[in-house]
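Chemist: My structure is below; once you've seen it, I'll send some questions.
The values are calculated or read from the model by the stated rules, or taken from the named source; none is laboratory data. Note that the coordinates shown come from a computational prediction; the quantities given were computed from them, not determined experimentally. Backbone-built Cβ (ideal geometry, glycine too); neighbour counts: all protein chains shown. Only protein heavy atoms, including side chains, enter the accessible area calculation; ligands, DNA and RNA are left aside. Shrake-Rupley method; radii C 1.70, N 1.55, O 1.52, S 1.80 Å.
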Amino acid sequence: MRLPTVADIERRIPRPEDFDSRARGTALTARVGSLLGVCFVVCFATGMWSHLQYATPGWLTLSPRPTQLYRVTQGLHVISGTAAIPLLLVKLWSVYPRLFIRPARGARALLVEALERGSIAVLMAASLFMLASGTLNIIGWYPWEFSFRRTHEAVAWVAIGSLLVHIAVKLPVIRQGLGEPVAEKQADPAAPTRRSVLHGALVASGLAVLLTAGQTVPWLRRISAFSVRPGDGPQGLPINRTAAGAGTDQTAMDPAWRLVIVAGERSVSLSREQLAAMPQSTHRLPIACVEGWSRSATWTGVPLRDLAALVGAAPGTDIVVGSLQTKGAFGSSRVVGNVVRDGRTMLALELNGQTLDVEHGYPARLIAPNRPGVFQTKWVNRLQVDA
Ligand SMILES: Nc1nc2c(c(=O)[nH]1)N[C@H]1C(S)=C(S)[C@@H](COP(=O)(O)O)O[C@H]1N2
Ligand SMILES: [Mo]
């Protein structure tokens with residue numbers, strides 16, 4: 001028996017011409033690719049905005065207004081990322097016959113081709129990683145060892161960088177593709193046309209958004225089947241970290257709980273009754289979780305600035321908020337001076353007119369406008385004025 005030669009094997013590998021769907025081609029790829037590009041840019045910008053809230057550089061002054069800004073940018077992030085998933089799959093389908101292009105001959109042509117394909121490989125890998133890790137983050141499942149936030153941020157730069165290179169290299173082809181009509185003559189009436197594939201991609205993308213956006217957009221909540229947190233936590237608000245998960249389920253209910261407010265040498269200790277006897281304010285403010293959901297609620301409590309004043313803090317001084325939490329991250333957060341100054345920033349005692357549930361941070365939790373959910377610290381027991 002004769003062993004197959006390289007030429008035999010090569011003959012069995014399909015060539016781009018062997019894929020006969022006429023729907024494929026630059027007209028489709030350029031259109032789906034452009035939509036995908038818009039999604040990626042929106043996703044990148046809103047994602048970086050969120051990372052900036054975590055590690056705030058000196059030039060950025062976090063402001064409590066607009067109240068809903070973080071909620072909107074976070075919602076756009078999840079929506080544009082979700083919309084990108086079907087578009088990316090259709091785009092991959094439209095170009096994958098090109099995987100079978102035979103290598104060019106000649107060192108120079110080979111090098112150019114290797115660079116072009118290498119950059120696409122990096123873009124693909126980075127895009128798939130971003131969409132997959134983002135989706136798992138929305139589901140709240142972290143099947144990896146690395147830090148989600150830092151890795152998602154680092155790979156985002158790789159994705160956007162390789163996207164820019166890709167657009168620059170392909171600009172002539174993109175132009176040409178956008179100039180070609182979507183309508184075409186189809187020999188086989190049963191075969192998918194460019195138009196049907198394009199419309200299919202748009203419908204799939206729109207459907208993906210409808211099915212998930214309800215976790216952010218209230219009026220979509222009822223039709224968002226994949227909306228991962230339908231919001232049936234206690235008092236009508238979803239929960240991220242439970243009291244048991246934070247190790248506060250015993251300590252939070254202890255009547256000996258006190259809020260300690262410290263500024264340098266001065267300190268004040270208040271029971272929950274004493275807090276409740278102070279002038280209260282009520283505001284409607286959102287919780288906007290980086291894991292994709294957001295929800296507004298009515299909060300009642302003591303403005304943080306009034307508490308800071310008890311220890312003689314100068315108005316507009318930062319406050320570090322500490323909690324009873326013993327397990328896991330996000331047990332404390334910093335509130336910058338101009339957010340403290342906003343009268344709506346408060347230590348909440350009530351949610352939607354009821355005593356705060358322990359899952360929502362009883363005895364007291366921080367709530368401030370235009371703030372990522374992870375920094376809305378629950379089970380607060382300490383305010384450190386950071387002079
Ligand atoms: N102490 C503490 N507070 C916390 C957290 C935490 O892990 N520990 N998680 C935060 C996150 S990620 C979100 S989105 C909100 C959720 O608030 P809720 O459970 O009150 O709706 O609480 C925040 N407060
Ligand atoms: Mo969160």
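Chemist: Between a first residue in region 304-327 that is closer than 23 Å to SER63 by Cα and within 13 Å of ligand 1 (Cβ to nearest atom) and a second residue that is among the hydroxyl-bearing types (Ser, Thr, Tyr) and outside any loop (DSSP other than H, G, I, E, B), which pairs have beta carbons less than 6 Å apart while being 6 or more apart in sequence or on different chains?
Modeler: Correct list of pairs: VAL321/SER333.
Chemist: Further question on the same structure: Specify the residue that is surrounded by the fewest Cβ atoms within 10 Å (Cβ to Cβ); the eligible residues are those in region 279-336 that are among the basic types (Lys, Arg) and either in a strand (DSSP E or B) or in contact with a strand residue (DSSP E or B) (Cβ under 8 Å, 6 or more places away or on another chain) (or both).
Modeler: This residue is ARG284.
Chemist: In region 349-365, what residues are more than 9 Å from ligand 1 (Cβ to nearest atom) and open to solvent by less than 10 Å² (accessible area, probe 1.4 Å)?
Modeler: Residues satisfying the conditions are LEU349, PRO363, ALA364.
Chemist: Something else: Can you name the residue in region 338-348 that is modelled with pLDDT of 95 or more and part of a helix (DSSP H, G or I) and, of all such residues, is surrounded by the fewest Cβ atoms within 10 Å (Cβ to Cβ)?
Modeler: ARG341
Chemist: ASP254 - would you say it is more than 15 Å from ligand 1 (Cβ to nearest atom) and not assigned by TED's automatic domain parsing to the domain that holds HIS51?
Modeler: So ASP254 passes the test.
Chemist: Something else about it: Cβ contacts < 9 Å: first residue open to solvent by 30 Å² or more (accessible area, probe 1.4 Å), restricted to region 37-60; second residue in a loop (DSSP other than H, G, I, E, B), any location; separation 6+ or different chain. Result?
Modeler: Short answer, once both residue conditions are applied: LEU52/LEU60; LEU52/LEU62; TYR54/VAL290; THR56/LEU62; THR56/VAL336.
Chemist: Restricted to region 151-172, and to residues that are open to solvent by 60 Å² or more (accessible area, probe 1.4 Å) and in contact with a helix residue (DSSP H, G or I) (Cβ under 8 Å, 6 or more places away or on another chain), which residue is modelled with the highest pLDDT?
Modeler: VAL158
Chemist: Please work out if ARG105 is among the charged types (D, E, K, R), in contact with a helix residue (DSSP H, G or I) (Cβ under 7 Å, 6 or more places away or on another chain) and open to solvent by 40 Å² or more (accessible area, probe 1.4 Å). If you could, list the steps in order and put the result at the bottom.
Modeler: Values: among the charged types (D, E, K, R): yes; in contact with a helix residue (DSSP H, G or I) (Cβ under 7 Å, 6 or more places away or on another chain): no; open to solvent by 40 Å² or more (accessible area, probe 1.4 Å): yes.
So ARG105 fails the test.
Chemist: Go through (1) open to solvent by 20 Å² or more (accessible area, probe 1.4 Å); (2) within 30 Å of THR135 (Cβ to Cβ); (3) in a loop (DSSP other than H, G, I, E, B) one by one and return the number of the condition THR248 breaks.
Modeler: (1)
Chemist: Within region 366-376, which residues are near ligand 1 (Cβ under 7 Å from one of its atoms) and surrounded by 24 or more Cβ atoms within 10 Å (Cβ to Cβ)?
Modeler: GLN376
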